[in-house]
Ligand code: DX5
Ligand code: ZN
């Protein structure tokens with residue numbers, strides 16, 4: 001069993017050949033498939049919706065990890081659940097009633113995640129930590145793939161990991177943004193356990209499998 005989980009983000013995949021790209025990621029050893037949903041309001045970019053999740057569901061049995069970067073995510077939970085999502089992550093900054101929203105995700109039978117933007121402090125999610133399966137720490141400002149990893153977020157990863165361990169809770173610490181063979185070990189050292197990567201996997205010059213292998217090898221030598 002892998003100590004670290006890899007969740008390639010299809011945001012950098014070839015959308016004209018999405019099924020093949022997901023197949024290659026699965027064959028290359030991906031643990032989850034990460035799907036970045038953006039609404040053009042919460043973040044400047046506009047990407048995909050439930051129809052794409054439904055298409056992904058038809059080509060893989062890997063868990064579909066849906067990251068909602070949208071306003072009012074509570075209105076969309078059922079649609080993504082019906083499309084085949086396994087995990088739904090919502091942003092703390094988009095959810096005034098985060099306790100209810102996370103409970104609703106769990107009531108739909110899905111795993112629930114809460115995400116924090118780089119400028120949001122770790123303690124913003126302290127009260128809901130017992131309700132989540134993952135805490136997604138954004139290591140770029142959400143909106144685009146291919147941005148550089150923000151070093152200043154590393155301390156927050158450590159703070160969240162220590163808080164989680166200190167309280168004996170089970171939420172996994174997930175990082176997203178600028179994750180490469182160079183940055184993943186630093187995030188792992190701070191306490192990250194799940195690694196989202198778009199460009200480092202789907203944009204790898206030697207192919208998707210090579211991108212996953214390179215991340216896996218880089219993490220192999222990272223301290224637990
Ligand atoms: C950013 C998304 C990320 C993004 C990561 O807003 O949430 O999942 O696809 O892209 P890379 O790995 O290229 O930084
Ligand atoms: Zn994401």
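Values for this structure:
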{"quantity": "Members of region 1-20 that are farther than 20 Å from residue 82 by Cβ, within 15 Å of ligand 1 (Cβ to nearest atom) and in contact with a strand residue (DSSP E or B) (Cβ under 9 Å, 6 or more places away or on another chain)", "calculated": "5, 6, 7, 8, 9, 11, 12"}
{"quantity": "Residue within region 18-31 that is buried (at least 20 other Cβ atoms within 10 Å of the Cβ), within 14 Å of ligand 2 (Cβ to nearest atom), in contact (Cβ under 8 Å) with a residue 40 or more places away in the chain and not in a loop (DSSP other than H, G, I, E, B) present", "calculated": "no"}
{"quantity": "Residues (under 24 Å from residue 81 (Cβ atoms) and within 16 Å of ligand 2 (Cβ to nearest atom)) located in region 106-136", "calculated": "111, 112, 113, 114, 115, 116, 132, 133, 134, 135, 136"}
{"quantity": "Residue that is farthest from residue 134 (Cα to Cα), among those in region 43-70 that are away from ligand 2 (no atom under 16 Å from the Cβ) and outside any helix (DSSP H, G or I)", "calculated": "60"}
{"quantity": "Filter pass, residue 192 being closer than 21 Å to residue 86 by Cβ, within 10 Å of ligand 1 (Cβ to nearest atom) and at pLDDT 95 or above", "calculated": "no"}
{"quantity": "Residue under evaluation residue 93, criteria (1) part of a helix (DSSP H, G or I); (2) more than 15 Å from ligand 2 (Cβ to nearest atom); (3) surrounded by fewer than 20 Cβ atoms within 10 Å (Cβ to Cβ), criterion not met", "calculated": "(2)"}
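The values are calculated or read from the model by the stated rules, or taken from the named source; none is laboratory data. Quick caveat, the model's predicted, so the values are computed rather than measured. Every residue, glycine as well, gets a Cβ built from its backbone with ideal geometry; the counts of neighbours run over all protein chains shown.
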